[in-house]
Amino acid sequence: MKKRKIVEEIIFRILTGIASYSLIVILCLIIIIIFIKGFNALSLDMIIKTPKGGYYYGGEGGVLNAIVGSLYIAFGATLIAILIGMPAALYINVHLVRYRRTQNTIRYFIDALWGIPSIVYGAFGFTLMLFLGMSASLLAGIITVALLITPIVIRTFDEVLSTIPKGLHEASLALGSTRAEMAFKVMFKQGFSGFITAVLLAFGRGIGDAASVLFTAGYTDLVPTNLDEPAATLPLAIFFQLGSPIPEVRERAYASAAILTIIILISSLTARFFSQKYSKSNLK
Amino acid sequence: MILKRVIFNSLTGTWMVASLVIILILPLIIGVALYIKAIPLFDLQSLPQLIGSSNWSPTNGDFGFWPFIFSSLYVTILSFLFSAPVCLFAAIHLTQFASQRLIHLMHPVIDILAGIPSVIYGMWGIIVIVPFVGDVLAPALNIKTPGYSILAGGIVLAVMCIPYILNMLIETFKTVPLGLKEAALSLGATPWESVKHIIIKKSLPGIISSFGLGIAKAFGETLAVMMVVGNMVQLTFNPFEAGYPLPALIANNYGEMLSIPMYDSALMFAALTLLVVILIINLIFRYFIYKTQKQ
């Protein structure tokens with residue numbers, strides 16, 4: 001009886017250990033393969049030139065169009081998401097702070113919103129675009145991605161704001177500040193590193209998402225110069241060029257994947273850094 | 001001075017309420033917009049017909065979504081079977097057995113895995129999983145397949161969903177009071193027995209919810225699956241055959257949808273189906289999670 005217990009203990013310790021170490025192995029496998037393929041293909045030309053002779057058939061040139069397009073869309077969308085998400089998160093934690101039920105219901109709905117797949121946002125963006133008489137463009141892409149990442153900004157920022165001690169609210173109100181002053185001068189400052197984390201997470205999600213820009217931003221070989229022009233994006237550069245029969249074009253897909261992964265790694269690790277910094281330096 | 005402060009207060013207050021309202025009614029707007037687009041299709045065929053029929057030829061006006069829904073379900077269930085045990089065991093290990101050093105290492109690992117975009121998983125699937133299924137697994141079982149198959153889709157999807165489910169499981173296990181585990185240990189239970197009888201039993205609603213939300217995420221995942229699943233309209237139980245999940249249908253045909261009559265309605269109906277199914281699953285299981293967290 002005793003022996004069986006010990007054997008079971010050992011078996012399951014090993015099994016659970018394997019499961020968690022396998023995650024590290026999987027991550028290494030993914031990163032190593034993306035980087036080996038990508039850095040073989042990566043060159044200066046890849047970064048500073050647009051594709052020559054069509055993104056699907058021409059072998060020359062690089063993916064500058066996709067890099068610029070992706071950065072435009074991600075920055076634009078993050079900006080809109082901040083403009084909507086930041087005040088919404090502050091409202092939940094400043095004006096609604098005495099209504100716990102309402103707070104939790106709102107959090108519940110935004111969490112559910114987070115679960116909606118990006119292809120649905122893409123389809124919605126497309127309908128909206130047709131309804132407004134626009135064609136596939138940078139602006140349509142920015143709006144669609146902004147809708148996709150706003151729930152992320154709200155919930156991540158909100159998580160941090162909700163940990164700010166209530167005494168701080170009371171102190172600022174007792175000193176005679178208005179709700180707005182309390183929100184922007186006290187809460188926003190206290191939760192600033194959480195705000196940066198939220199923005200970086202949203203940026204990472206926005207730049208990596210393909211299904212939402214597939215319908216709305218279009219694809220082009222040119223670098224967009226205006227909001228109503230179509231724009232190429234890195235995820236779609238990978239997706240389209242990977243399907244090409246020409247090896248040089250596929251190289252461009254690998255290079256785009258390496259560039260995208262580096263951007264995501266930087267933004268995700270910086271986000272982590274800021275959230276750790278928050279937990280060390282703030283009032284508890 | 002006071003007037004300025006009051007005006008600033010009410011202006012920002014309006015701004016805050018407006019943004020919150022926009023976000024909260026967004027799912028409703030999306031639903032209504034997609035529904036309006038899908039109305040012509042409802043006039044053509046009834047809902048049970050749309051979902052249950054497997055007759056798909058848009059040029060003839062036949063829209064039966066069953067092959068796509070079936071493919072979606074198949075890939076999702078397959079991915080769930082692969083990812084669920086890994087997530088459960090890893091979450092148990094990380095919350096009960098692991099050293100502090102490993103936990104510190106695992107946080108960024110899970111973060112990065114969760115942050116890698118779908119299309120990168122898809123590319124990785126094409127480079128690694130598709131050849132593995134086509135050239136290693138299939139010949140070993142005496143099956144011929146190009147590798148682009150439901151099985152490959154399931155594997156890639158499983159890897160994608162692991163960080164998502166794992167994060168929620170870890171949160172759930174953390175909410176189990178330490179005292180319960182200590183009581184079990186002091187009564188002579190081995191650590192694994194305390195996990196088996198206390199932790200898992202106590203957090204069962206949370207575990208089910210995490211799995212449910214993972215399934216919802218897998219069901220709506222688009223590009224990674226679409227790149228490796230083969231995209232052929234057919235009904236088959238053989239995992240080595242190609243499938244055609246619902247999100248892939250939408251993403252693949254956006255170019256042609258305005259040139260064939262009713263095709264855009266059909267695709268918007270597909271998007272609406274995804275939205276409704278996933279939103280309902282999310283609302284149900286998140287409700288469970290909130291209930292358990294309150295206790």
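The values are calculated or read from the model by the stated rules, or taken from the named source; none is laboratory data. Fair warning: this is a prediction, and the values are worked out from it, not measured in the lab. All Cβ positions, even for glycine, are placed from backbone atoms using ideal geometry, and neighbour counts span all protein chains on display.
Below is a table of values for the structure above.
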{"item": "Test result for residue B:92, modelled with pLDDT of 90 or more and either within 12 Å of chain A (Cβ to nearest Cβ) or part of a loop (DSSP other than H, G, I, E, B) (or both)", "result": "yes"}
{"item": "Residue selected from the range B:26-47 under the condition part of a helix (DSSP H, G or I) and touching a strand residue (DSSP E or B) at 6+ places or on another chain (Cβ under 8 Å), by the criterion farthest from the other protein chains (Cβ to nearest Cβ)", "result": "B:44"}
{"item": "Residues of the range B:34-58 satisfying the condition of being among the small types (Gly, Ala, Ser) and under 23 Å from the mean Cα position of the chain (by Cα)", "result": "B:52"}
{"item": "Inter-residue pairs, beta-carbon under 8 Å, first at pLDDT 85 or above and in the range B:28-52, second charged (D, E, K, R), 6+ apart", "result": "B:37/B:264"}
{"item": "Given (1) surrounded by fewer than 21 Cβ atoms within 10 Å (Cβ to Cβ); (2) among the aliphatic types (A, V, I, L, M); (3) modelled with pLDDT under 90, number of the condition residue B:208 does not satisfy", "result": "(3)"}
{"item": "Those residues of the range B:227-258 which are more than 20 Å from residue B:61 (Cβ to Cβ) and either among the β-branched types (Val, Ile, Thr) or at the interface with chain A (Cβ under 10 Å from one of its Cβ atoms) (or both), in sequence order", "result": "B:227, B:228, B:229, B:236, B:247, B:248, B:251"}
{"item": "Residue match in the range A:243-266 (condition: of a type in the set (Gly, Ala, Ser), buried (at least 24 other Cβ atoms within 10 Å of the Cβ) and not in a helix (DSSP H, G or I))", "result": "no"}
{"item": "Considering residues of the range B:139-149 that are of a type outside the set (S, T, N, Q) and under 27 Å from the mean Cα position of the chain (by Cα) only, the residue farthest from residue A:33 (Cα to Cα)", "result": "B:146"}
{"item": "Segments classed as helices (runs of 4 or more DSSP H), wholly inside the range B:160-226, with at least 3 members that are away from chain A (no Cβ under 14 Å), more than 30 Å from residue A:215 (Cβ to Cβ) and free of Cβ contacts under 8 Å to residues at least 40 places away in the same chain", "result": "B:178-186"}
{"item": "Within the range A:91-177, helices (runs of 4 or more DSSP H) holding 2 or more residues that are more than 17 Å from residue A:212 (Cα to Cα)", "result": "A:100-114, A:138-161, A:166-174"}
{"item": "In the range A:255-279, the residues that are within 19 Å of residue A:159 (Cα to Cα) and either among the charged types (D, E, K, R) or without any contact (Cβ under 8 Å) to a residue 12 or more places away in the chain (or both)", "result": "A:269, A:272, A:273, A:276, A:277, A:279"}
{"item": "Criterion: closer than 25 Å to residue A:260 by Cβ, buried (at least 18 other Cβ atoms within 10 Å of the Cβ) and away from every other protein chain (no Cβ under 12 Å) - qualifying residue of A:203, A:195", "result": "A:195"}
{"item": "Within the range B:259-289, tally of residues that are over 14 Å from residue B:58 (Cα atoms), surrounded by 15 or more Cβ atoms within 10 Å (Cβ to Cβ) and among the aromatic types (Phe, Trp, Tyr)", "result": "2"}
{"item": "Residues located in the range B:239-258, provided they are touching a residue at least 40 places away in the same chain (Cβ under 8 Å), in a loop (DSSP other than H, G, I, E, B) and not small (Gly, Ala, Ser)", "result": "B:239, B:240, B:241, B:244, B:245"}
{"item": "Count of residues meeting criterion [at the interface with chain B (Cβ under 7 Å from one of its Cβ atoms) and under 19 Å from residue A:40 (Cβ atoms)] in the range A:256-277", "result": "4"}
{"item": "Residue among A:212, A:193 that alone is assigned to a helix (DSSP H, G or I) and within 30 Å of residue A:173 (Cα to Cα)", "result": "A:193"}
{"item": "Residue in the range A:88-121 that is nearest to residue A:217 (Cα to Cα), counting only those that are within 20 Å of the chain's Cα centre (by Cα) and without any contact (Cβ under 8 Å) to a residue 12 or more places away in the chain", "result": "A:120"}
{"item": "Subset of the range A:173-192 [within 13 Å of another protein chain (Cβ to nearest Cβ) and under 26 Å from residue A:159 (Cβ atoms)]", "result": "A:173, A:177, A:178, A:179, A:180, A:181, A:182, A:183, A:184, A:185, A:187, A:188"}
{"item": "Criterion violated by residue A:219 - all others in (1) surrounded by 19 or more Cβ atoms within 10 Å (Cβ to Cβ); (2) at the interface with chain B (Cβ under 8 Å from one of its Cβ atoms) satisfied", "result": "(2)"}
{"item": "Unique residue being of a type outside the set (Phe, Trp, Tyr), closer than 30 Å to residue A:152 by Cα and part of a helix (DSSP H, G or I) when the list is B:81, B:50", "result": "B:81"}
{"item": "Count of the range B:82-120 residues which are over 26 Å from residue B:185 (Cα atoms) and either among the small types (Gly, Ala, Ser) or within 23 Å of the chain's Cα centre (by Cα) (or both)", "result": "18"}
{"item": "Lone unmet requirement of (1) free of Cβ contacts under 8 Å to residues at least 40 places away in the same chain; (2) at positive phi for residue B:262", "result": "(1)"}
{"item": "The range A:12-50: number of residues that are away from every other protein chain (no Cβ under 12 Å) and either outside any helix (DSSP H, G or I) or under 30 Å from residue B:195 (Cα atoms) (or both)", "result": "4"}
{"item": "Only one of B:23, B:69 that is hydrophobic (A, V, I, L, M, F, W, C) and within 14 Å of another protein chain (Cβ to nearest Cβ)", "result": "B:23"}
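Here's the yes/no breakdown for (1) more than 7 Å from chain B (Cβ to nearest Cβ); (2) out of contact with any strand residue (DSSP E or B) (no Cβ under 9 Å at 6 or more places or on another chain); (3) more than 24 Å from residue B:254 (Cβ to Cβ):
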residue	(1), (2), (3)
A:70	yes, yes, no
A:77	yes, yes, no
A:93	yes, yes, yes
A:113	no, yes, no
A:123	no, yes, no
